[in-house]
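Written out below as structure tokens is the structure these notes cover.
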Amino acid sequence: MTEATAPFIAVEYPRLSGMAGFSSQLIATHIKLYQGYVANTNALSEKLAALLADGKERTPEYAEIKRRFGWEFDGMRLHELYFGNLGAAGTMTKGAPIFGKIEANFGSFEAWKRDFLATGTMRGIGWAVLCQDGESGRLFNVWIAEHDGGHLTGARPLLVLDVFEHAYLADFQLDRAKYIEAFFAVLDWEVIGKRLIE
């Protein structure tokens, strides 16, 4: 087995169990969905390697699996970032570098949050992401459609919000704004701050 063929392992998130504002059933279902992305990423990786080894890399089957791989892989990684930024008290130290960076880019934390909330409550399924441009260091709130449309090239995700219905429907029904309020109440700003490129 080489590094390129080593399977991805699903991360466990025990600190999400009993998280305020989110039922155990919702978390368990969401984790199971994430584990499916990990399994699918591994399965597609194996299929691509087998097709390549058989000299079938110019077939329609290879092309379709290659396209699907990005969708499954992004679903896996976005969920890991999402779960990773949850499970704390939702408080941020105003002296933290991430706080200063948000204020420098949006004028105030409140202005950034309004923009992030507006992004997260847009109609559609996908992700609201605070990301940082790797070249300029600037911060942007972006909408990622599905898993693979809307990523900014070279940008690092800092804060990730899942706005597919599976992330909130069981607990919040169609009230996405209430879900996002609960999301903010359990953010781990220390983890988010560590993602920042200083």
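Just so it is clear, none of the values below were taken in a lab; they were calculated from the coordinates. None of these values were measured; they are calculated from a predicted model. Positions of Cβ are generated from backbone atoms using ideal geometry, with glycine treated the same way; all protein chains shown enter the neighbour counts.
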Original post:
Based on the alpha-carbon gyration tensor of the stretch 23-84, what equivalent-ellipsoid semi-axes (square roots of 5 times the eigenvalues) come out, in whole Å, largest first?
Top reply: 29, 10, 8
Original post:
What list of ³J(HN,Hα) couplings, whole Hz, do you get for the stretch 153-161 from phi and the Karplus terms 6.51, -1.76, 1.60, once you set θ to phi - 60° and write x for glycine and proline?
Top reply: 4, x, 8, 9, x, 9, 10, 10, 10
Subject >> Gap separating the Cα centres of the stretch 17-49 and the stretch 136-162, nearest whole Å >> reply: 21 Å
Original post:
Label Glu12 and Ala28 with points 7 Å out from Cα along Cα→Cβ: what is the distance between them in nm?
Top reply: 1.6 nm
Original post:
What is the projected area of the convex hull of the Cα atoms of the chain, averaged over all directions, in nm²?
Top reply: 12.4 nm²
Original post:
Can you give the extra length, in nm with one decimal, that the chain gains between Ala50 and Ser136 once fully stretched, where that is 0.36 nm per residue apart less the Cα-Cα distance?
Top reply: 27.0 nm
**OP:** Could you give the size of the charge dipole of the chain about its Cα centre, using +1 on the Cβ of each K and R and -1 on the Cβ of each D and E, expressed in debye and rounded to the nearest 20?
**Re:** 200 debye
**OP:** Could you point to the residue in Pro157, Asn141, Leu78 farthest towards the positive end of the chain's charge dipole, with +1 and -1 charges on the Cβ of Lys/Arg and Asp/Glu respectively?
**Re:** Asn141
Subject >> Sites Thr121 and Leu152, calculated FRET efficiency, Cβ-Cβ separation with R0 22 Å, nearest 0.05 >> reply: 0.60
Original post:
Taking the stretch 97-194, how much of its Cα-Cα pair set, in percent, is spaced more than 17 angstrom apart?
Top reply: 51 percent
Original post:
Which whole-Hz ³J(HN,Hα) couplings does the stretch 14-29 yield from phi under the Karplus relation 6.51 cos²θ - 1.76 cosθ + 1.60, θ = phi - 60°, glycine and proline marked x?
Top reply: x, 6, 7, 5, x, 5, 4, x, 10, 6, 4, 5, 4, 4, 4, 5
Subject >> the chain - mean residue ellipticity at 222 nm from DSSP helices (-39,500 (n - 2.57) per run, n ≥ 4, rounded to 500) >> reply: -16000 deg cm²/dmol
Original post:
Count of lysine pairs in the chain with Cα atoms under 17 Å apart, counting only pairs 8 or more residues apart in sequence or on different chains?
Top reply: 8
